[in-house]
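Please read the structure below before turning to the comments.
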Amino acid sequence: MKISVIVPEYNEEANVIPLYKKVCDALKNYDFELILVDDGSKDKTFNIIEGIAKTDKRMVGIKLRKNSGQTAALSAGINNAKGDIIVTLDGDLQNDPYDIPILINKIRNEGYDAVSGWRADRKDPFFKRIHSKFANYLRRRLIRDNVHDAGCALKAYKKEALEGIDLYGEMHRYVHALVALRGFKVGEVRVRHHPRLRGKTKYNYKRLIKGFLDLLYVKFWSDYSTRPLHFFGTLGLIQYVLSVLILIEQIVKALIIKKLLLGPLLLLAVLFVVTGTLFIIFGFLSEILIRTYYSSKNKKPYEIEKIV
C-alpha cells in the first residue's frame, strides 16, 4: 500500500524541514508521498517546500493562492493524493510523525477504514484544553461518534472512505464523523502530543464558533440528510400544537371571566401558526433541494459495501 501524508502549512517556515525529516524517518519502510499544502503563507514556507520537492520525488508541494483555511488545505491535499491510505497531521510538530505507523497498522491489521488519534496527555495551554474538553463532550452528545478527541489532526483513512466527501468551513475536525455516517468502520488510538517549540499557534475564538456551527451541520446531515421535511415539519407541528394550547387556555379563561381578552398570548398563538407554516414550507423546499443534490451528482442515499 502507498501512503499519502497530507500536512496543511501556514507560516510554519521553522517547522518544514524538521517535519520532513521526521516523516521520512518514520516511514522509511513504507512507499509514501508527503504532500505539504501551503495555505497562503506570508513567510518562506513554500520556498522551503519547493526546495525540498526539487531534490526528493516523495515530496509534493501545493501552494494555495490565498489563505483559505485548514479544511480547504486538507481538501486540496486529499484531491491530489495518490496513496491507498491517507494520513493527515498538523505542521507544527505537536503531532508526532512516529505515531503514523500505529494508525496505519490499525487499519491494515484490524479492519478499520479510518483511525483517529487521541491526545490523552495534551501539551497545550489551559484555556485550549478546557475548550477542547467542552467541544468534545458536546460533539459526542450530539453526533455520538465515540471518538475522544476529534480535534486531533493526526488521522488515517482508506482512500475509498474519503471519496465523495466535500469539505467546507471548519469540517476537517469532523471528517471521521462523515466517514462513519457513510457506514465505514472508525477507530482511535492513543498518540503522543508535544508542546509547540517553533512558530505561533493559529488557534483563536473564531475557530470555536465556526467549529460549533459546523457541528450543527454534521448533526443535521447525519439525522436528516435524506428527509429534511421530517426535521422542519416536526418544528412546524410543534408550533401548531403550542398555538392550539394557547387558544384552549384563552377560551377557558374567557368562559370563566365571561370576557375574551385580546392580549399578547393570542398574538403569540397567531405567530406560532405563521412560523409553523413557514417551517413546513422550508421542509418541502429542503426536500426538493436534497433530491436535486442526489440526482445532479449521481449520488445514492446509501453505500454498498459488497455484492456477492
(request) Scan the range 247-282 for residues that are of a type outside the set (F, W, Y) and within 30 Å of R227 (Cα to Cα) and report the count. (result) 12
(request) May I ask you to say which residue of F220, F232 is surrounded by 16 or more Cβ atoms within 10 Å (Cβ to Cβ) and either at pLDDT below 85 or closer than 30 Å to L178 by Cα (or both)? (result) F232
(request) Check G169, G164 and return the single one that is at pLDDT below 75 and small (G, A, S). (result) G169
(request) Could you look through the range 264-290, keep only residues that are modelled with pLDDT of 85 or more and of a type in the set (S, T, N, Q), and pick out the one that is surrounded by the fewest Cβ atoms within 10 Å (Cβ to Cβ)? (result) T277
(request) Taking H194 as the residue in question, decide whether it is modelled with pLDDT of 80 or more, under 15 Å from the mean Cα position of the chain (by Cα) and more than 26 Å from K2 (Cβ to Cβ). (result) no
(request) Select from the range 66-116 the residues that are in contact with a His (Cβ under 7 Å, 6 or more places away or on another chain) and among the aliphatic types (A, V, I, L, M) and list them in ascending order. (result) L74, L93, A114
(request) Find all pairs meeting these conditions: Cβ atoms under 7 angstrom apart; at least six residues apart or on different chains; first residue within the range 1-13 and farther than 18 Å from Y30 by Cα; second residue buried (at least 22 other Cβ atoms within 10 Å of the Cβ) and of a type in the set (G, A, S). (result) P8/A73; P8/G91; E9/G91; E12/G91
(request) Taking only the range 142-172 into account, find how many residues are within 20 Å of I85 (Cβ to Cβ) and not in a loop (DSSP other than H, G, I, E, B). (result) 9
(message) Of the residues D96, D43, D56, only one is surrounded by fewer than 19 Cβ atoms within 10 Å (Cβ to Cβ), out of contact with any strand residue (DSSP E or B) (no Cβ under 7 Å at 6 or more places or on another chain) and closer than 22 Å to V147 by Cβ; which?
(response) D96
(request) Determine, yes or no, whether G211 is at positive phi and at pLDDT below 85. (result) no
(message) Residues that are in contact with a Gly (Cβ under 8 Å, 6 or more places away or on another chain), assigned by TED's automatic domain parsing to the domain that holds E33 and part of a helix (DSSP H, G or I): does the range 106-113 have at least one?
(response) yes
(message) Name the residue that is surrounded by the most Cβ atoms within 10 Å (Cβ to Cβ), counting only residues in the range 63-93 that are touching a strand residue (DSSP E or B) at 6+ places or on another chain (Cβ under 6 Å), of a type in the set (A, V, I, L, M) and more than 13 Å from V5 (Cβ to Cβ).
(response) A73
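The values are calculated or read from the model by the stated rules, or taken from the named source; none is laboratory data. This is a predicted model, so every value here is computed, not measured. When we count neighbours, we look across all protein chains shown, and the Cβ atoms used for this are built from the backbone with ideal geometry, even at glycine.
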